[in-house]
Ligand code: DGJ
């Protein structure tokens, strides 16, 4: 390999020309992405697949398809890049210039490839960061305008990947408020399938930026080649899947170019969002565990730290509370044994008190007659009772009936010459405006400065961008969707810099805004306002493909009382456990059961929060759902079993466990038992080898509707 230049910067960093075979290899322990520079000087993706053991084989790989296809040249399908140059010529041709390999601060291997248009000098850098152990590749592009005048980018993808294999099955996650993340799998045939969103702020209301793509045949939990993709962009995204005439598939990921043609000034560089993917040869389970491991280690805010169990007041009070009621609820939180009390919406506004969702949003002063002692009384009240205090905000939004709107209509995204229309009676603040960014940052900073005892924020976002017009951007309206998200990141970056350890929940009327860039600022997200445990089994299942349990907030509420509290708690225990329920609605036994479950949950932290998750029975496959978590040392495991709507007389096979040490003995114990009850499961308090548990399994499924069991499996 010819070394072009070596820079010693305390880390491995070399600039290279492509080697004798002109091969650039991006590898994890499981995957290879092989790029080649062809005789025409362009960059091709010649392979994406299982890690190749023998370097000598690389020369046999075909040239493949151009890696980052551009508009205006020989390709007849969807391009990754489409630039209108200053002279109105819309063609771009990219040639390889050089590439660099370096180690990132977190120990991953970064490959940066520089491409350039010989005519317009447009530069594109392709970045690939490979996390070897976790088998994740993070990739994005940077586009630099080297012309003397501005250019317009009509399309500017983060990533383009090519797959071969002829048969592809795409799983998407779509839904709506309280109905999030239905998994639908469809085969891809010739032509295009586009998944995108145009909602701006609550961008993922109908679908989050993630997909699963099986190659060859639909993957199962344990088998099949499958690619998981996720775009780190908290705004409009677009994934394009296009099958060409030779059955090749291109996957293009990035910002949705819809109403977002971006003008790039001379010498300006545009960095696209990061696209994260993993390619598993062993089905969905492996890919999901790789995503969890990577996220905890590298991406999720405080990914390796503990999480706070909590009691939220939203469903028990809605807007109807005062200081006394809240202090009483804190007492209930203490009895429950949770770590924190979380005050939700409705605590602010004086000229227009926030008595419902029609007014007050934007006026972040405590409502005097509701909270005479202000937040101080609540923080102190919590401290006295020995728990933490967290608070809800929705800082990017405003009700037209608010002092903020009266004072600063120029800060609001709204059309100047039309009647306003509202989503949940509110409007979105214009985060492209740096003054507004300061204001939004100030909401958190002022609260933290006044009340340093605040231990947690729930950051909500209930409206998409409506009435789309930015008073700040004036003639650059088509930049709004992009600049709004960049403005949000500026704010979140400042908050993270000043309060690096402050846990925050990302909420958007449920999970209407969820992606891995946002989760670098948030410790967790609210999966859905729908807390019916039967619905939650589906919603949590879908999210658990990409997100580890500790990031998925799951609260026990009174939704669907046909399911008893044990069933509801056990569904919530498979994520980050919280409660949003009135003690007065519970019997003594129910309250005792909840308390004991919190104790168990905290003890099981190494498996549920940090361990490996196995989907043993999916809610999509029948009337039983079983998930198992195993700690990394294989010493402790917990299995959650739910019988949802089984048939009379149904026959069920034993459930085979996963991830244990075959040669170890494990004691199986049913936990989370009802106060005073004992287990009637035959396997309770018996010892089995790991091999037996994994190859013979346990008889735990029943034909009782809405019945759940939790088994703790401990190495002896
Ligand atoms: C929507 C959230 O999803 C709920 O949990 C709650 O915080 C409300 N907003 C408050 O307005």
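Inspection of the range 452-462 finds a residue satisfying the criterion of being surrounded by fewer than 19 Cβ atoms within 10 Å (Cβ to Cβ) and farther than 30 Å from residue 418 by Cβ.
Condition check for residue 450 on (1) within 19 Å of residue 342 (Cβ to Cβ); (2) touching a strand residue (DSSP E or B) at 6+ places or on another chain (Cβ under 9 Å): one failure, at (2). For the range 622-643, the set of residues classified as in a loop (DSSP other than H, G, I, E, B), touching a helix residue (DSSP H, G or I) at 6+ places or on another chain (Cβ under 6 Å) and under 25 Å from residue 538 (Cβ atoms) is empty.
Just checking, does the range 484-505 include any residue being within 16 Å of the ligand (Cβ to nearest atom) and buried (at least 23 other Cβ atoms within 10 Å of the Cβ)? The answer is yes, given that some residue of the range 484-505 is within 16 Å of the ligand (Cβ to nearest atom) and buried (at least 23 other Cβ atoms within 10 Å of the Cβ). Considering the range 195-217, and only residues there that are part of a strand (DSSP E or B) and in contact (Cβ under 8 Å) with a residue 60 or more places away in the chain, the residue that is surrounded by the most Cβ atoms within 10 Å (Cβ to Cβ) turns out to be 210. Please verify whether residue 232 is surrounded by fewer than 17 Cβ atoms within 10 Å (Cβ to Cβ) and in contact with a strand residue (DSSP E or B) (Cβ under 7 Å, 6 or more places away or on another chain), treating the condition exactly as stated. Criteria not met by residue 232. Would you say residue 311 is touching a helix residue (DSSP H, G or I) at 6+ places or on another chain (Cβ under 7 Å), at pLDDT 95 or above and surrounded by 24 or more Cβ atoms within 10 Å (Cβ to Cβ)? Considered against the rule, which asks whether it is touching a helix residue (DSSP H, G or I) at 6+ places or on another chain (Cβ under 7 Å), at pLDDT 95 or above and surrounded by 24 or more Cβ atoms within 10 Å (Cβ to Cβ), residue 311 comes out as yes.
Per the listing 25, 42, the residue uniquely modelled with pLDDT of 95 or more and in contact with a helix residue (DSSP H, G or I) (Cβ under 8 Å, 6 or more places away or on another chain) is 25. Annotation: residue 323 fulfils all but one of (1) closer than 28 Å to residue 599 by Cα; (2) without any contact (Cβ under 8 Å) to a residue 60 or more places away in the chain; the unmet one is (1).
Checked across the range 406-422, the condition of being within 26 Å of residue 359 (Cβ to Cβ), at pLDDT 95 or above and either within 22 Å of the chain's Cα centre (by Cα) or not assigned by TED's automatic domain parsing to the domain that holds residue 351 (or both) holds for no residue. Got a sec? Which of 696, 668 is more than 20 Å from residue 544 (Cβ to Cβ) and crowded, with 16+ Cβ neighbours inside 10 Å? Checking each option against the conditions leaves just 668. The set of residues from the range 349-380 being touching a strand residue (DSSP E or B) at 6+ places or on another chain (Cβ under 8 Å) and either buried (at least 18 other Cβ atoms within 10 Å of the Cβ) or within 15 Å of residue 426 (Cβ to Cβ) (or both) comprises 354, 357, 360, 361, 362, 363, 364, 366, 367, 375, 378, 379. Looking across the range 506-547, the residues that are under 22 Å from residue 196 (Cβ atoms), part of a helix (DSSP H, G or I) and more than 16 Å from the ligand (Cβ to nearest atom) come down to 519, 542.
The values are calculated or read from the model by the stated rules, or taken from the named source; none is laboratory data. Everything numeric here is computed off the predicted structure, so don't read it as measured data. Virtual Cβ from ideal backbone geometry, glycine too; neighbours counted across all protein chains shown.
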